[in-house]
1. With θ taken as phi - 60° and the coefficients 6.51, -1.76 and 1.60, list the Karplus ³J(HN,Hα) couplings across segment B:189-206 in order, rounded to whole Hz; mark glycine and proline as x.
2. Arranged from highest to lowest average of other beta-carbon atoms within 10 Å per residue, in what order do the peptides A:364-371, B:106-113, B:127-134 appear?
3. Please identify the longest segment of chain B free of exposed GluC sites (Glu not before Pro), where exposed means a DSSP state other than H, G, I, E or B and no more than 13 other Cβ atoms within 10 Å.
4. For A:Gly104, which sequence-distant residues (separation of 5 or more, or a different chain) have an amide H within less than 5 Å of its own amide H, given hydrogens modelled in the peptide plane?
5. Can you report the principal axis dimensions of segment A:262-394 using only the alpha carbons, biggest first, rounded to whole angstrom?
6. Per DSSP helix of 4 or more residues, -39500 (n - 2.57); summed, then divided by the residues of chain B. What does that give at 222 nm, rounded to the nearest 500?
7. Work through the residues other than B:Gly133 whose Cβ is under 11 Å from its Cβ and net out their charges, Lys, Arg +1 and Asp, Glu -1.
8. Determine the alpha carbon to alpha carbon distance for each of A:Lys287/A:Lys386; A:Lys137/B:Lys272; A:Lys82/A:Lys149; B:Lys117/B:Lys186; A:Lys60/A:Lys82 and list only those over 21 Å.
Amino acid sequence: MTASKKNEPIIEVKHLSKQYNIGVDRTYKTLSDSLACAVKNPLKTLKESFKPNNTFWALKDVNFEIERGEVVGIIGRNGAGKSTLLKILSRITHPTEGEIRMRGRVGSLLEVGTGFHPELSGRENIYFNGAILGMKKREIDEKFDEIVKFSGVEKFLDTPVKRYSSGMNVRLAFSVAAYLDPEILVVDEVLAVGDAAFQKKCLGKMEEVAEGGRTVLFVSHNMSMISSLCETAILLEEGIVKERGPTGKVINAYLNSGQEATGQIIFSENHPGDGEAILLAARILDKDGGPITEARIDEDIFIEMEYELLKNDMRVYANFHIYDSYGQLVFVTSDSKLDYRSELKRKAGIYVSKCKIPANTLNSNTYYFTFALTDVYPLQVHFYEKDLLFVTVNDPIEGVFSRPEGYSGPMPGAVRPLLEWELYKPKNNKFGDAL
Amino acid sequence: MTEHPTDYELIIRPKYGLLDLNWQELKEYRELLFFLALREIKIRYKQTLMGASWALLQPLFTMIIFTLIFGRLAQIPSEGIPYPIFSYSGLLIWTYFSNALSQSSNSLVGNGNLLSKVYMPRIFIPTASCLAGIIDYGIAMSILAVMMVYYRLVPNITILLLPVIVVLTFMLASGMGYWLSSICVKYRDVKFILPFFIQMLMFVSPVIYPTDIVGEKLQWLLYLNPLTGLIDAHRACILGHTPVDFVSISISTVLTIVIFLSGILYLKHTEKDFADLI
């Protein structure tokens, strides 16, 4: 091992770009279609294939280096190019331009249980999946017992996996992946699987891998996971590296990027919507009516949409969809003031629908809000704007009633409502006096 | 994997080259080829009542039907040996070839998640389908052995050619499989054309009739089909009823190698887009 080589970055990405064709139908094409097109109108077909707007750059001139042993989080909104980057690093798809140098073997986990076959037993699938992930048979033999133990499906090892519950399936699949032992590990958001206990186990395993001096690239939407696992991060935005550096700084840049950071969006042109209703503005407000991106867990949060009905006699209802940072839908709430059985019809004009999420409803997490306007009879969606705004709910711990007094550890769950509790002594119970 | 950490360097660049075979990598992943083939073998007859005996029954039933129709009704000649064993020996290798071809042609699309979620030599997927079929061929061979005892046919020294013929048939099925499976990723039409293509191929191959049934003048046309030499030689070397025709097997060998190598090149050339198209 020469010293110079050791000091070289383990991954060097230079001017990496990836272009996708977004023709009329880019995934599925029949021979006759393309033949007919080419025969009928050869010039047009040629022209179309050179048309610039038929293509889309998923990544554009991406440059970065990763040092040996670095654990890097890759963050960005949906469509920012994270998955494309991982796919190129895993050699699943090829770059259009640029070059990557990797000075170590790559193992990638873009999905758990790739190649699992329902008819095969757990044992057979461990071997097959291991081989697919690039393990040698000898390696799998060595780790077999550990894999089985980690998965907790010892008893069903010779049962076809189609008889497994979905939880068992996922646990087995992750366990194989967890024992993958390459120099560079590329992980897509595969940890969002299984029950909470297993997730915790997986996270522990990931931490172990990270501390073991291996280079890890980790894509996630879950900021708390990124900040606990990774010391540095890369923020991708529309195919470009927007920020690269210490995790905290990059996460901040992510959360504050774009206009969302102001807690409101006002559409001055290109209003989302159809010919009947359009969205004018979306806001997340505190109790004083100021737009916010952060709130204390014990403060009320108000969501508001301003929209215009372009037609008379509409029976629409506003609705908000709230997702947590894991991408999990937490709940949907719709305008309950309007009762459609009463045939309430509204005149054309501008309206505001505002909803209050009471204090102590959401947990401490980042929540993304989808703004939608829907017609029921007949069912019609006028607009559905996903993840327009977000709010980060903070738990200052001190003085928060929804956690046990004196306890400062994590409070898991999608929501953390403050519910009504009672405490009393049961009657006619011999233990009753124990209280 | 951690034994040689530093001398390893992988460069990922846009792919343009035509000749881009990475033998080192194929060698490194060879166990996966074995696992893929094993998986195919294991799942093929899962949840069937008859299990692997289907490998016997498929050519057996076809032989019975063909014997009734072509042997009895149409009175097709059979190179001086009983028609049942004549057709079975042809069907044996034909069944292997046609199953291998249809499975390998659909293999890339059928394993879409392997293409889009992991990296591995894509060429192994159609290859494994063709490898797995050899087991079925071996099982079905037992019936031929029984028939040979019954009809008192003894193979001669040319039976040593049998492994070569099986390997050539495997290469032919794989080569065509490489072409068709790669095309199928982009144009699913292949799925619909394939059954007709295979059926047509059977009628232009000497499975149910001997080559000399076609007039001398047109026989060369038959030899353009690489299967002709393979099926004839397969039959002759096992049954020993007629000498192996080395001219036709040579033609078949050349054609097979051309199809096999061009198939590899075509698959290698198109594979960079598989994950984006699937």
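1. Karplus-based 3J(HN,Hα) across segment B:189-206 equals 3, 3, 4, 8, 6, 3, x, 5, 4, 5, 4, 4, 4, 5, 6, 9, 10, x Hz.
2. The packing order, highest mean first, is B:127-134, A:364-371, B:106-113.
3. Between exposed loop sites, the widest span is B:10-215.
4. Residues meeting the criterion, in which the H sits 1.01 Å from N, are B:Leu10.
5. 42, 33, 29
6. Value at 222 nm, helices only, nearest 500: -21500 deg cm²/dmol.
7. It works out to a net charge of -1.
8. Correct reply: A:Lys287/A:Lys386; A:Lys137/B:Lys272; A:Lys82/A:Lys149.
Readers should treat all values here as calculations from the given coordinates under stated rules, not as data from a laboratory. Keep in mind that what you see is a predicted model, and the values were worked out from it rather than measured. Counting neighbours? That spans all protein chains shown, and the Cβs are built from the backbone with ideal geometry, glycine included.
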